[in-house]
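The values are calculated or read from the model by the stated rules, or taken from the named source; none is laboratory data. What you are looking at is a predicted structure, and each value in this text was computed from that prediction instead of being measured. Here the Cβ is made from the backbone with ideal geometry for all residues, glycine too, and neighbour counts use every protein chain on show. For the accessible areas, the whole protein counts, side chains as well, though only heavy atoms, and no ligand, DNA or RNA atoms are used. Shrake-Rupley method; radii C 1.70, N 1.55, O 1.52, S 1.80 Å.
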Amino acid sequence: MTEPQIIGISPSIEKIRQLIRRVADVNLTVLITGESGVGKELVARALHYHSRRREQPFLKVNCAALPGELIESELFGYEKGAFTGADRLKRGKFEAAGEGSIFLDEIGEIPLPMQAKLLQVLQDMKFPRIGGNQEIQNRARVIAATNINLETEIQRGRFREDLYYRINTISIPVPPLRERKEDLEPLIHFFTKVFKKEHGLDPYPISDRLMKLFRAYHWPGNVRELENYLKRLFVLRNSDEIETEIQQSMEEPIPERVQGNGPRPAEDAIVLKATQEVQAIIDSGRSFPSLKEIRDRAVERVERAILEYVLREVNWNRREAAKILKISYRTLLYKLKDMDLRP
Ligand SMILES: Nc1ncnc2c1ncn2[C@@H]1O[C@H](COP(=O)(O)OP(=O)(O)OP(=O)(O)O)[C@@H](O)[C@H]1O
Ligand SMILES: [Mg+2]
């Protein structure tokens, strides 16, 4: 196993790198959480790499890809004759991992009955193969990951609370890329080197325009999405298509999953447009309006659009509109006159 490189200069990535070293040799289950593509598997591999288990296997089980019964035989194996079709003994991943690490990816997708079984194995540290009675010791270190919120799943009755506390003794949350945009440059630099080495892809310069888009974008697919865009750029050697795609996806409504405290794409799009306009003025050498002027104009534009929209919705019932907008009727009339707005 080559050393997994967790690239980034953000404080959160720095903290994750430290945490990995601190808990690598602690024999407690680790739960890695975060959106799709943030680097959960990478963190899991780094944990294994920095532990004394490095020379032992690192085995991954994708719990989302397997139906319940198959997860059981995948994890614990079965004896010959345990069920029809079990024509020979098969060792499960826990057994095969030996003193290595077992990575339970998408653990939130394990069906409830299997959750009970898993909890029992984690508590007893031993298990029989399906259809067997000999107990096998579990010496593997368990690392779990999920991109769904297990606390919500518990509330919905879809995840066992006791299993959650059992696996969550050490948790490593990996924040989405949009909350650590300072990592963009080091990641780009890193992928550029990797693509050259692994695919013989020559680097292609990233235009200022594309870089600005990268900084404004909300990255719903996180680092994996960045990796894909870069790979395409280096193959196509032209960024028009990619720029259009990012711009379009910034104009789409925000997926619920992506809404958080971080910047919103809709706002990002407004900010991006504003900075582009400002840049155009600077480039043209025209004299720059004062910030106050810019703000007043922007406020007026937004207000006008909202007023028009609300009034249309209520068929120009001004009292109703004032109520919705939480302004007095008089203020509304004044604004309509001032903006010269009529049905
Ligand atoms: N900090 C990082 N430094 C370098 N590469 C990274 C980093 N974060 C993610 N990557 C790369 O991005 C890709 C996606 O990462 P990974 O598969 O670990 O994400 P994940 O969180 O497991 O995603 P999913 O939930 O979709 O399975 C991988 O190629 C990984 O190597
Ligand atoms: Mg993954």
> With r defined as the distance between the Cβ atoms of Leu122 and Val194 and R0 fixed at 45 Å, what FRET efficiency is calculated, to the nearest 0.05?
Replying inline: 0.80
> Taking the chain as a Gaussian network, Cα atoms linked when under 10 Å apart, which of Glu308, Glu251, Glu14 shows the biggest mean-square fluctuation?
Replying inline: Glu308
>> Under a crude label model (7 Å from the Cα following the beta-carbon direction), how far is Glu55 from Gln137 in nanometres?
In response: 1.8
> Projected onto the charge dipole of the stretch 11-175 (+1 at Lys/Arg Cβ, -1 at Asp/Glu Cβ, origin at the Cα centre), which of Phe76, Val121, Val23 gives the Cα projection farthest towards the positive end?
Replying inline: Val23
> Taking +1 at the Cβ of each Lys and Arg and -1 at the Cβ of each Asp and Glu, which of Pro111, Gly131, Leu325 sits farthest along the dipole of the chain towards its positive end, judged by Cα position relative to the Cα centre?
Replying inline: Leu325
> Between the DSSP loop rule and a limit of at most 16 other Cβ atoms within 10 Å, which trypsin sites (Lys or Arg not before Pro) in the stretch 73-115 are left?
Replying inline: Lys80, Arg88
> More than 24 Å apart: what percent of Cα pairs in the chain qualify?
Replying inline: 68
> What is the dipole size for the chain, taken about its Cα centre, with +1 at each Lys and Arg Cβ and -1 at each Asp and Glu Cβ, in debye to the nearest 20?
Replying inline: 540
>> Under 5 Å between amide hydrogens, which residues at least 5 positions from Ser171 or on another chain qualify, with H placed 1.01 Å from N in the peptide plane?
In response: Leu31
> What are the ³J(HN,Hα) values, in whole Hz, obtained from phi via the Karplus relation 6.51 cos²θ - 1.76 cosθ + 1.60 with θ = phi - 60°, for each residue of the stretch 119-132 in sequence order, with x given for Gly and Pro?
Replying inline: 4, 4, 5, 5, 7, 7, 6, 8, 7, x, 5, 4, x, x
> Cross-link partners among lysines for Lys326, C-alpha distance below 17 Å, same-chain residues fewer than 8 apart left out?
Replying inline: Lys335
> What nm value, rounded to one decimal, do you get for the distance between Glu251 and Glu179 when each label is placed 7 Å out toward the C-beta?
Replying inline: 3.0
> Which FRET efficiency value, to the nearest 0.05, do you get for Ser284 and Arg232 by plugging their Cβ-Cβ distance into 1/(1 + (r/R0)^6) with R0 = 35 Å?
Replying inline: 0.60
>> So for the stretch 70-133, considering every pair of alpha-carbon atoms, how many percent are separated by more than 16 Å?
In response: 46
> If one takes the longest principal axis of the Cα atoms in the chain, at what angle in degrees, from 0 to 90 and to the nearest 10, does the Cα axis of helix 329-338 lie?
Replying inline: 70
> How about the stretch 39-121: which chymotrypsin sites (Phe, Trp or Tyr not before Pro) there are in a DSSP loop, with at most 13 other Cβ atoms within 10 Å of their Cβ?
Replying inline: Phe83
> Roughly how many percent of the accessible protein surface of the stretch 291-338 is carbon and sulfur, given a 1.4 Å probe and a whole-percent answer?
Replying inline: 53
>> Suppose all protein chains stay in the model; what accessible area per residue would a 1.4 Å probe give for the chain, in Å²?
In response: 58
>> Whole-Hz ³J(HN,Hα) for each residue in the stretch 207-213, computed from phi via Karplus 6.51 cos²θ - 1.76 cosθ + 1.60 with θ = phi - 60°, x for glycine and proline: what do you get?
In response: 5, 4, 4, 5, 5, 5, 5
> Across the stretch 144-151, in residue order, what do the Karplus-derived ³J(HN,Hα) couplings come to in whole Hz, using 6.51 cos²θ - 1.76 cosθ + 1.60 with θ = phi - 60° and x for Gly and Pro?
Replying inline: 10, 9, 8, 10, 10, 7, 5, 5
> In whole Å, what are the Cα extents of the stretch 291-338 along the three principal axes, biggest one first?
Replying inline: 35, 19, 18
> What nm distance separates the two modelled labels at Arg88 and Ala298, each placed 7 Å from Cα along Cα→Cβ?
Replying inline: 6.9
> Around Ser101, which amide H atoms from residues at least 5 apart in sequence, or from another chain, sit under 5 Å from its own amide H, with H modelled in the peptide plane?
Replying inline: Phe58, Leu59, Arg141
